[in-house]
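**Q** Let me give you the structure first, and then I'll get to my questions.
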Amino acid sequence: MRLKVAPSILSAAFERLGEEVRAMEEAGADQIHVDVMDGHFVPNISMGPVVVEALRRATRLPLDVHLMITDPERYLEPFVAAGAHHITFHIEACGDPAGLARRLRERGIGAGLALNPATPAGAALDLLPHFDLLLVMTVNPGFGGQPFLGDNLGKVRAIRERERGLGPSRRPAAGPLDIEVDGGIDARTARLCREAGANVFVAGNAIFRAPDPRAALRELRRSVADGAETE
Ligand code: DX5
Ligand code: ZN
């Protein structure tokens, strides 16, 4: 299973976003995590399709768009058009997650499902075949720089176990399910998540607020690679 590091640009310096993203690309980031907040689903407002479009011009890395918005179905199209590689929406914000995932996949866009800390793994287990990515929030969404909520490790474990039980024939998507963790991820907590079965690690403050963001990214990667089981 491929381990991926996804810097969250919510913590980057917005006055030089292009440079920040290019630095991450050079340092070996696998994808760029883009946090979209609407001031309704979460108590904060961040960025929309125009920023995704600008990022698309600044980097070749896949754009990992995390929609923390109400009614995600209304806004898929602008994010697809802006160049998202995959789009993750929240199960708590959506009445028909499988239908939305189908719409994304028909357009060749990866489909991701996010779970807030209060949402149990059981809410998502039967939906796994429809998705390429499960995002387990390890903070309550809305802000960077919050402490890691370790209770969510059990959720990561439960999702990975169910996914392994399904086997490749049950999942139409290519490759193993990505399980992404987001919130309070640093070298220590990433390793705990890796041991629980996560393979995609989002980090905002741990990278961009570090004295040397490139070194912080490399350290994060090393910490999860050292903890990796052989598969
Ligand atoms: C939180 C966002 C995260 C956030 C992570 O609502 O979804 O992606 O930027 O930031 P850190 O790594 O600082 O917790
Ligand atoms: Zn996020």
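**Q** Looking at Gly122 and the list (1) within 24 Å of Gly204 (Cα to Cα); (2) over 16 Å from the mean Cα position of the chain (by Cα), which single condition is not satisfied?
**A** The number of the failed condition is (1).
**Q** So, in segment 182-231, of the ones that are among the β-branched types (Val, Ile, Thr) and either modelled with pLDDT under 95 or more than 10 Å from ligand 1 (Cβ to nearest atom) (or both), which residue ends up nearest to Ala124 (Cα to Cα)?
**A** Out of the qualifying residues, it is Val200.
**Q** Which residue out of Asp30, Asp64 is part of a loop (DSSP other than H, G, I, E, B), touching a strand residue (DSSP E or B) at 6+ places or on another chain (Cβ under 8 Å) and closer than 20 Å to Gly108 by Cα?
**A** After ruling out the rest, the residue left standing is Asp30.
**Q** Kindly indicate the residue of segment 52-86 that is over 17 Å from the mean Cα position of the chain (by Cα) and β-branched (Val, Ile, Thr) and also nearest to Ala101 (Cα to Cα) among those meeting that condition.
**A** Thr70
**Q** Something else: Might you check whether a residue that is within 17 Å of Pro7 (Cα to Cα) and at pLDDT 95 or above occurs anywhere in segment 99-111?
**A** No: segment 99-111 contains no residue that is within 17 Å of Pro7 (Cα to Cα) and at pLDDT 95 or above.
**Q** Continuing with the same structure: Is it the case that Met47 is part of a loop (DSSP other than H, G, I, E, B), out of contact with any Pro (no Cβ under 9 Å at 6 or more places or on another chain) and either within 15 Å of ligand 2 (Cβ to nearest atom) or modelled with pLDDT under 95 (or both)?
**A** yes
**Q** Continuing with this model, one more query. Could you check segment 179-214 and list, in sequence order, the residues that are without any contact (Cβ under 8 Å) to a residue 12 or more places away in the chain and over 15 Å from Gly145 (Cβ atoms)?
**A** Within segment 179-214, Pro211, Asp212 meet the criteria.
**Q** Another one. Give the residue that is nearest to the chain's Cα centre (by Cα), with candidates limited to residues of segment 102-116 that are in a loop (DSSP other than H, G, I, E, B) and closer than 18 Å to Leu177 by Cα.
**A** Checked segment 102-116; the qualifying residue nearest to the chain's Cα centre (by Cα) is Ile109.
Here's the yes/no breakdown for (1) closer than 20 Å to Arg164 by Cβ; (2) within 16 Å of ligand 2 (Cβ to nearest atom); (3) hydroxyl-bearing (Ser, Thr, Tyr):
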| position | (1), (2), (3) |
| --- | --- |
| Asp186 | no, yes, no |
| Ala198 | yes, yes, no |
| Gly204 | no, yes, no |
| Ile207 | no, yes, no |
| Ala210 | no, no, no |
| Arg214 | no, no, no |
| Arg218 | no, no, no |
| Ala225 | no, no, no |
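The values are calculated or read from the model by the stated rules, or taken from the named source; none is laboratory data. In this text the structure is predicted, and so the values were computed from the model without any measurement. Every residue, glycine as well, gets a Cβ built from its backbone with ideal geometry; the counts of neighbours run over all protein chains shown.
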